[in-house]
């Protein structure tokens, strides 16, 4: 009766162990509870925007040069290429953690053929072939948790690649926008230099005519030299941004410099899809998804450490053929971690602490993401209010700087088409460029220049032959930069 019960007991234990294989120890990485989030942002409406993480938002700037540079740089940037290689490495780890690769083990098949003889002995040939294999029962789900950890690491690598891509896009757009700003500042500075050179000529003419003083000439020369001193600074800043772009795009600087020097309109603020609701950050923000994947990987390592503390059963088998003599072997093996139980418990405690740290890091990342959106939303709203106020200021300045007609007491009236001076005010345009940076808008043209007069001064009477030159000098003084 005892002999009959032994096979039944063995089958019962095998059935019990196989049923236990369906349950994995440790926390489940796929069921991470989502923290409670607010229904809407502080200054936004609770209107969902859906999945916006895959949109090519840089095309909304409507700049062909920027779009071409970005789409070319996505395939050449070194940081992005390195992030893609990390994804491939994580995919290799997932392949190594597949069920067959994890549960099957043992030596590979081997074969040999040896020929012996000599010394009067007959020549003989001996052939040997061996095949061994093993199977490990995943009783407590350690291999399953290892696969889940590898899959979570792959998702984290993909999310980190998106973080790298977004950071690269922000740097490229910022460098391109700054380059266009300094390019406009260069153009305005050259206009300033031209206008002040013309003003210097006018003042020299008026000095000869007795209508200006040496102080006016000195002040005009000082303003001219100030404008000339600003020119190298803006050129250096423009070149620095182009060189920065060449590094980000992994391109040679000389061709890119020639392409950027052709000029292009300033970037405009694109109309975004909105901010959505805080719950959408869990899917739209790659840094939040990366922190979530890191948490899943940490939880999976807890399950692996827990499974290492429990017994493991494996089956091994060997088949060999040596010189025509066949042999085989097959049997189970049980491993009980008894001596190193303290070390395994310490390892599990460390993995649990790392999982708690990953959970806190994930929650902290969510809070930081909500803060980033609310700060950005507030800044954008105030920024647009500032732009509107600036536009109103420019319109008011137009009214202040309306063209004036000046009549000399002893001269005929200045012709109307000479006295109209709707030329751009350089200082006003430069102020507008600074205000609209980094998403610059094209400076407004048509700002009139104020006709400067000296209070209480009466122009002396001039002969008719010198009246034309004096009137022309007076009219050209409208170009003087205010």
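The values are calculated or read from the model by the stated rules, or taken from the named source; none is laboratory data. Predicted, not measured: the structure shown is a model, and the values here were computed from it. Please note: Cβ atoms are built from the backbone with ideal geometry, for glycine as well, and neighbour counts cover all protein chains shown.
Within the stretch 251-266, being part of a helix (DSSP H, G or I) and within 18 Å of residue 61 (Cα to Cα) holds for one residue alone: 260. Among residues of the stretch 20-34 being in a loop (DSSP other than H, G, I, E, B) and more than 23 Å from residue 291 (Cβ to Cβ), the one that is modelled with the lowest pLDDT is 21. Of the residues making up the stretch 316-349, those that are under 24 Å from residue 25 (Cβ atoms), touching a residue at least 12 places away in the same chain (Cβ under 8 Å) and either surrounded by 15 or more Cβ atoms within 10 Å (Cβ to Cβ) or within 51 Å of the chain's Cα centre (by Cα) (or both) are 335, 336, 337, 341, 344, 345, 347, 348.
Confirm whether residue 212 is touching a residue at least 12 places away in the same chain (Cβ under 8 Å) and in a loop (DSSP other than H, G, I, E, B). Criteria not met by residue 212. Taken as a whole, the condition of being modelled with pLDDT under 90, assigned to a helix (DSSP H, G or I) and surrounded by 17 or more Cβ atoms within 10 Å (Cβ to Cβ) applies to residue 394.
If you take the residues of the stretch 99-118 that are surrounded by 12 or more Cβ atoms within 10 Å (Cβ to Cβ) and either touching a helix residue (DSSP H, G or I) at 6+ places or on another chain (Cβ under 7 Å) or on the phi > 0 side of the Ramachandran plot (or both), which of them is modelled with the highest pLDDT? For the stretch 99-118, the residue satisfying everything is 103.
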